[in-house]
1. Does LEU158 count as within 15 Å of PHE8 (Cα to Cα) and either in contact (Cβ under 8 Å) with a residue 24 or more places away in the chain or polar (S, T, N, Q) (or both)?
2. When the residues of segment 139-162 are narrowed to those that are in contact with a helix residue (DSSP H, G or I) (Cβ under 8 Å, 6 or more places away or on another chain), surrounded by fewer than 15 Cβ atoms within 10 Å (Cβ to Cβ) and more than 21 Å from ALA21 (Cα to Cα), which ends up modelled with the lowest pLDDT?
3. Could you please give the count of residues in segment 56-96 that are at positive phi and either modelled with pLDDT of 75 or more or of a type in the set (S, T, N, Q) (or both)?
4. Within segment 128-138, is even one residue closer than 17 Å to LEU49 by Cα and modelled with pLDDT of 90 or more?
5. Suppose we filter segment 29-66 for residues that are among the charged types (D, E, K, R), within 21 Å of ILE79 (Cα to Cα) and surrounded by fewer than 21 Cβ atoms within 10 Å (Cβ to Cβ); how many remain?
6. Tell me which residues, restricted to segment 85-131, are surrounded by fewer than 17 Cβ atoms within 10 Å (Cβ to Cβ), of a type in the set (Gly, Ala, Ser) and more than 29 Å from ASN166 (Cα to Cα).
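The values are calculated or read from the model by the stated rules, or taken from the named source; none is laboratory data. Everything numeric here is computed off the predicted structure, so don't read it as measured data. A quick note on method: Cβ atoms are made from the backbone with ideal geometry, for glycine too, and the neighbour counts reach across all protein chains shown.
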Amino acid sequence: MSRTKVLFTEEQIRKRVETIARDVDKDFQGSDLCVVGLLEDSFVFMADLIRKVDREVLCYFMKADVDEGENRVASIKRILYSPELDAHDRNILLVGGVLDTGITLDYITKHILQGGPRQLKICYLLDKPESRRISTNADYAAFVLDASESEYLVGYGLGYLNRFRNLPYLGMLSKEERL
């Protein structure tokens, strides 16, 4: 079993997901919702969140391959959807795992906004505002982390070398497991 320092327990995560779902229901009151999950880190969070949202939900997934340059310039290799998202006149909730530099989010939101959605809101499991290189924010964040808690986070869908995604909590990976 993993030797991680638990930052947020299953219970803490469950409560935050329920709170965010209530906020989403209030903000998108009386309308359908198109939820777009950013792969890979968001899939567990998104699954729990959509089960708590009390409305019809359409689900899409998106993956952006991004090279983040030293001078705050992002080079997007490609954006993949399953299936292609038609954003026109839709209420969209973009769900991600970790909001870090903001470079990928900035590019993806601009891309979605070109499609003419009725409304676009951003939701992240973890927000690391001290790491921002581009001014962007989430409308909803389950947890906000400072720099000391931001390295090697795993669990609840977040992975390290594609491992540890199945942990039911969020934790910081030990040095031994990073080798």
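1. On the way: within 15 Å of PHE8 (Cα to Cα): yes; either in contact (Cβ under 8 Å) with a residue 24 or more places away in the chain or polar (S, T, N, Q) (or both): yes.
Taking the combined requirement at face value, the residue satisfies it.
2. Out of the qualifying residues, it is ALA147.
3. Summing the residues that are at positive phi and either modelled with pLDDT of 75 or more or of a type in the set (S, T, N, Q) (or both) in segment 56-96 gives 1.
4. As a first pass, look at segment 128-138 and keep what is closer than 17 Å to LEU49 by Cα: 138.
If we keep only those that are modelled with pLDDT of 90 or more as well, we get 138.
Scanning segment 128-138 turns up at least one residue that is closer than 17 Å to LEU49 by Cα and modelled with pLDDT of 90 or more.
5. We begin by selecting, within segment 29-66, every residue among the charged types (D, E, K, R); these are 32, 40-41, 48, 51-52, 54-56, 63, 65.
Applying the additional criterion that residues be within 21 Å of ILE79 (Cα to Cα) yields 40-41, 63, 65.
Remaining after also requiring surrounded by fewer than 21 Cβ atoms within 10 Å (Cβ to Cβ): 40, 63, 65.
So the answer is 3.
6. GLY115, GLY116
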